[in-house]
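Notes follow the structure.
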2 protein chains.
Amino acid sequence: MPINILFAALPKRWTEYEAPLRAALDKHGLDYILETDLPPQDVDYIVYAPNSAVQDFTPYTRLKAVLNIWAGVEAIVGNPTLKVPLTRMVDSEGLTRGMVEWVTGHVLRHHLGMDRHIVNPDHDWDPAIPPLAPERPVAILGFGALGQACARSLQGLGFAVCGWSRSAKAIEGLTCDHGQDGLKRVLTHAGIVVLLLPDTPETENTLNAQTLSWLPKGAFVINPGRGPLIDDDALIAALDRGQIAHATLDVFRTEPLPKGHPFWSHPKITVTPHIAADTRPASAAQVLAENIRRSEADEALLYTVDRSAGY
Amino acid sequence: MPINILFAALPKRWTEYEAPLRAALDKHGLDYILETDLPPQDVDYIVYAPNSAVQDFTPYTRLKAVLNIWAGVEAIVGNPTLKVPLTRMVDSEGLTRGMVEWVTGHVLRHHLGMDRHIVNPDHDWDPAIPPLAPERPVAILGFGALGQACARSLQGLGFAVCGWSRSAKAIEGLTCDHGQDGLKRVLTHAGIVVLLLPDTPETENTLNAQTLSWLPKGAFVINPGRGPLIDDDALIAALDRGQIAHATLDVFRTEPLPKGHPFWSHPKITVTPHIAADTRPASAAQVLAENIRRSEADEALLYTVDRSAGY
């Protein structure tokens, strides 16, 4: 008898998820029916987003598990009609890959000086040759899993990468400095600085008027980490006086970045809308299919939510 | 006694070359004097560009070799006053690295859809997430040393890379198709196509109305190879009807690309001024210093010009 899987999320998600989810389920050789509409009493699993129409789980009498496609579960974890296991999405492959692609792409963009070719209204033919990657030191502040993955990607392209973290770390094949003295050493040499620190009281305004002044004149700032890592006013001042050549920012203190915020119209700031790292259907589908396979094989589910703790 | 090295090229080159050349000479532990002005009878080596003021080599009575910083030697090879060995610049490290950086950067730019964030006059916050690299097939037409180096870089980032060459090639760790049938197979699946073919009668207009129509709708074209590889009118027609989403072109049938050429003003074309791969001072300085070291050690010079053949 086929496994009946109900996809209960917005229609846009169905468009994105249907093909990769079928592919991932097929890979496990599962016999299944996957639809956006099934009689509730026939449903075995719900692939779920908390903003779907399904809010009352009572009619789903033979339901085995609800598999959330969001990382966040706060809008469903307290639902009293939900009696079966609930999993949240931990798409570490998509998140890490996405971050590495976004960071590598924007480092190369600034390194190569692409913008003056992308926007070139005077049609200038100016064959200035940029330096090569080994002559471009890149500092990565925050040297956890994401920072290290970005460092390896950039090092593979030849960039002179140095990581920085608050406490000392020894990481095979990578250079990493630490502490306040180390921060000054790393920034003093950085042509491009990438922020991948967590958002904590200690990391707030890591880039401020003083630390920005440590960077070589004309350095680039890239922030895919957290909005509060940068003192916004200090950044604008450093851009205005040419200390920083350009900043590319993916995260902000308020998101979406409010219309009228000075970042939007600043000629030396590029805003990207919090897209550097996110759940991707292709890799998320692998996680969903793996959990259905596990459930059918009576193995423990991945990323089960502890509903008493709320996450 | 120090080796006397005259730097005879335009002042702009001296600015670029002095520091890397001194560093490269120092690395070999050579005792030298490097200047832009030295008494001709004292000069041992001339680091040379054919557009320098030095055109009569007669006064350089103890000259051992002329080391050209250009790849091209046609403006000096016939000089009858030059009696000593002449070397041309083969900066394979700079050329390959530069090409890999430019190709990887522009592939990531199109893959991530950067342009809509770089130019966003309406300040739209539109967090559309691009697919990940494994879902973006990249075709590299021309699978010589440069094509393979780009393929390895892109494959390292996770892209689904397939090379193509006119004749069959088996290359460890890379996928490569060949021949006219293979071209259709490769283009039919390519989200991004990179042109790195040589300029020969057989490769002219490799991308033409027919082959462009084989690409999936919305594909990207990147040409760092040679201008004549693309039928210009067919490309513009394919862009205008949306078959091709965007083309980034570094090489053209006439360079500099003439003012008024339709490529300049086409909203779906990015022109870069033949910068994808060029000699770089840092790596070229290594080649120059290595040749001075070899000459002083009575070893054979690298890249000696055969003046009877003219290159």
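Among the residues of region B:200-219, what is the count of those that are surrounded by 13 or more Cβ atoms within 10 Å (Cβ to Cβ) and either charged (D, E, K, R) or in contact with a Cys (Cβ under 7 Å, 6 or more places away or on another chain) (or both)? Total satisfying the criteria: 1.
If the condition is being within 7 Å of chain A (Cβ to nearest Cβ) and of a type in the set (Gly, Ala, Ser), then region B:126-152 contributes only B:Ala133. Could you please find all residues in region A:250-305 being touching a Ser or Thr at 6+ places or on another chain (Cβ under 7 Å), of a type in the set (S, T, N, Q) and closer than 22 Å to A:Tyr48 by Cα? Of everything in region A:250-305, those that are touching a Ser or Thr at 6+ places or on another chain (Cβ under 7 Å), of a type in the set (S, T, N, Q) and closer than 22 Å to A:Tyr48 by Cα turn out to be A:Asn291, A:Thr304. Going by what's in this entry, would B:Asp126 be described as of a type outside the set (Val, Ile, Thr), over 20 Å from B:Leu195 (Cα atoms) and out of contact with any helix residue (DSSP H, G or I) (no Cβ under 7 Å at 6 or more places or on another chain)? Here the answer is yes, as B:Asp126 does meet what is asked.
Quick check, is A:Pro224 buried (at least 17 other Cβ atoms within 10 Å of the Cβ), in contact with a His (Cβ under 7 Å, 6 or more places away or on another chain) and not β-branched (Val, Ile, Thr)? Taking the combined requirement at face value, the residue does not satisfy it. Looking at A:Asp177, A:Asp199, just one residue is more than 30 Å from B:Val103 (Cβ to Cβ), in contact with a helix residue (DSSP H, G or I) (Cβ under 7 Å, 6 or more places away or on another chain) and in a strand (DSSP E or B), and that residue is A:Asp177.
Note on region B:73-85: residues that are surrounded by fewer than 23 Cβ atoms within 10 Å (Cβ to Cβ) and touching a strand residue (DSSP E or B) at 6+ places or on another chain (Cβ under 8 Å) total 5. Among the residues of region B:104-125, is there at least one that is more than 26 Å from A:Lys12 (Cα to Cα) and aromatic (Phe, Trp, Tyr)? No, because not a single residue in region B:104-125 is more than 26 Å from A:Lys12 (Cα to Cα) and aromatic (Phe, Trp, Tyr). Going by the structure shown, is B:His123 facing chain A (nearest Cβ under 10 Å) and either modelled with pLDDT under 95 or surrounded by 19 or more Cβ atoms within 10 Å (Cβ to Cβ) (or both)? The answer is no for B:His123.
Once region A:251-265 is narrowed to residues that are more than 9 Å from chain B (Cβ to nearest Cβ) and buried (at least 17 other Cβ atoms within 10 Å of the Cβ), the residue that is farthest from A:Val90 (Cα to Cα) is A:Phe263.
Here is a yes/no grid of residues against (1) surrounded by fewer than 19 Cβ atoms within 10 Å (Cβ to Cβ); (2) assigned to a loop (DSSP other than H, G, I, E, B); (3) without any contact (Cβ under 8 Å) to a residue 40 or more places away in the chain; (4) away from chain A (no Cβ under 13 Å):
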{"site": "B:Arg62", "(1), (2), (3), (4)": "yes, yes, yes, yes"}
{"site": "B:Val66", "(1), (2), (3), (4)": "no, no, yes, yes"}
{"site": "B:Ala71", "(1), (2), (3), (4)": "yes, yes, no, yes"}
{"site": "B:Gly98", "(1), (2), (3), (4)": "no, no, no, no"}
{"site": "B:Leu154", "(1), (2), (3), (4)": "no, no, no, no"}
{"site": "B:Val161", "(1), (2), (3), (4)": "no, no, yes, yes"}
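Kindly evaluate A:Val251 against the criterion of being of a type outside the set (Ser, Thr, Tyr) and under 22 Å from A:Thr96 (Cβ atoms). So A:Val251 passes the test. Pairs linking a residue in region B:196-223 that is within 19 Å of B:Pro267 (Cβ to Cβ) and free of Cβ contacts under 8 Å to residues at least 40 places away in the same chain to a residue that is part of a loop (DSSP other than H, G, I, E, B) and of a type in the set (D, E, K, R), with Cβ atoms under 7 Å and 6 or more positions apart or on different chains, are B:Asn223/B:Asp250. Right, B:Ala237: assigned by TED's automatic domain parsing to the domain that holds B:Leu132 and either within 30 Å of A:Leu157 (Cα to Cα) or in contact with a strand residue (DSSP E or B) (Cβ under 9 Å, 6 or more places away or on another chain) (or both) or not? Spelling it out, it is not the case that B:Ala237 is assigned by TED's automatic domain parsing to the domain that holds B:Leu132 and either within 30 Å of A:Leu157 (Cα to Cα) or in contact with a strand residue (DSSP E or B) (Cβ under 9 Å, 6 or more places away or on another chain) (or both).
Does region A:102-119 contain at least one residue that is over 18 Å from B:Pro130 (Cα atoms) and among the basic types (Lys, Arg)? Yes, the conditions are met somewhere in region A:102-119.
Residue check: is A:Gly242 touching a strand residue (DSSP E or B) at 6+ places or on another chain (Cβ under 7 Å) and either free of Cβ contacts under 8 Å to residues at least 40 places away in the same chain or not in a helix (DSSP H, G or I) (or both)? Answer is no for this residue. Taken over region A:227-238, the criterion of being over 13 Å from A:Leu195 (Cα atoms) and crowded, with 20+ Cβ neighbours inside 10 Å is satisfied by A:Leu235, A:Ala238.
Annotation: of all residues in region B:266-282 being part of a loop (DSSP other than H, G, I, E, B) and of a type in the set (A, V, I, L, M), the one that is nearest to the other protein chains (Cβ to nearest Cβ) is B:Ile275. None of A:Gly179, A:Gly158, A:Gly163, A:Gly173 is over 23 Å from the mean Cα position of the chain (by Cα), within 21 Å of A:Gly218 (Cα to Cα) and small (Gly, Ala, Ser) except A:Gly158. A:Leu146 satisfies every condition listed in (1) more than 23 Å from the chain's Cα centre (by Cα); (2) assigned by TED's automatic domain parsing to the domain that holds A:Leu197 except (1). Being acidic (Asp, Glu) and surrounded by 18 or more Cβ atoms within 10 Å (Cβ to Cβ) is the filter here; which residues of region A:33-53 pass it? Passing the criteria: only A:Asp44.
A:Lys169 meets the stated requirement of being away from every other protein chain (no Cβ under 11 Å) and either in a loop (DSSP other than H, G, I, E, B) or touching a Gly at 6+ places or on another chain (Cβ under 7 Å) (or both). Restricting attention to region B:281-301 and to residues that are without any contact (Cβ under 8 Å) to a residue 12 or more places away in the chain and not small (Gly, Ala, Ser), the residue that is surrounded by the most Cβ atoms within 10 Å (Cβ to Cβ) turns out to be B:Arg294.
Quick check: anything in region B:14-36 closer than 22 Å to B:Pro281 by Cα, aromatic (Phe, Trp, Tyr), touching a residue at least 12 places away in the same chain (Cβ under 8 Å) and assigned to a helix (DSSP H, G or I)? Scanning region B:14-36 turns up at least one residue that is closer than 22 Å to B:Pro281 by Cα, aromatic (Phe, Trp, Tyr), touching a residue at least 12 places away in the same chain (Cβ under 8 Å) and assigned to a helix (DSSP H, G or I). A Cβ distance below 6 Å, combined with a sequence gap of six or more or placement on separate chains, defines the contacts here; from region B:106-120, residues that are more than 7 Å from chain A (Cβ to nearest Cβ) and crowded, with 24+ Cβ neighbours inside 10 Å reach residues that are hydroxyl-bearing (Ser, Thr, Tyr) and not in a helix (DSSP H, G or I) in the pairs B:His106/B:Thr248. Taking the listed residues A:Ala309, A:Ala285, the one that is closer than 30 Å to A:Thr81 by Cα, in a helix (DSSP H, G or I) and not assigned by TED's automatic domain parsing to the domain that holds A:Leu108 is A:Ala285, with no other qualifying.
The values are calculated or read from the model by the stated rules, or taken from the named source; none is laboratory data. Computed from a predicted model, the values in this text were never measured in an experiment. Because the Cβ atoms are built from the backbone with ideal geometry, glycine has one as well, and the counts that use them run over all protein chains shown.
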